[in-house]
1. Find the residue count for the range 11-37, including only residues that are open to solvent by 60 Å² or more (accessible area, probe 1.4 Å) and either under 8 Å from the mean Cα position of the chain (by Cα) or touching a residue at least 40 places away in the same chain (Cβ under 8 Å) (or both).
2. Any residue in the range 45-62 that is in a strand (DSSP E or B) and either at pLDDT below 90 or open to solvent by 80 Å² or more (accessible area, probe 1.4 Å) (or both)?
Amino acid sequence: MTNESKVEAAVALAIGEKTYNLKYTVHAAIQFNRLTGGDLLKGGINFRSSETIIALIWAGLLAHHPEFDG
């Protein structure tokens, strides 16, 4: 059995010369919740907060760093 999530959405983000797919897996949603208290699956996220936006991008990049386990 793999640790891959069955629930996933991806968004492309260009940083400099490189493009990353921000992947919002269940793992990303859990880490976002731990960091902010927000729930990616239920919505209601405060997009007026720069900390929340940074956490949202960070959570989406976690798929590129499988060594991070939370």
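The values are calculated or read from the model by the stated rules, or taken from the named source; none is laboratory data. Nothing here was measured: the structure is a model prediction, and the numbers come from that model. Backbone-built Cβ (ideal geometry, glycine too); neighbour counts: all protein chains shown. With ligands, DNA and RNA removed, areas are computed over all heavy atoms of the protein, side chains included. Shrake-Rupley method; radii C 1.70, N 1.55, O 1.52, S 1.80 Å.
1. Qualifying residue count, the range 11-37: 6.
2. Checked against the condition, which is being in a strand (DSSP E or B) and either at pLDDT below 90 or open to solvent by 80 Å² or more (accessible area, probe 1.4 Å) (or both), the range 45-62 yields no hits at all.
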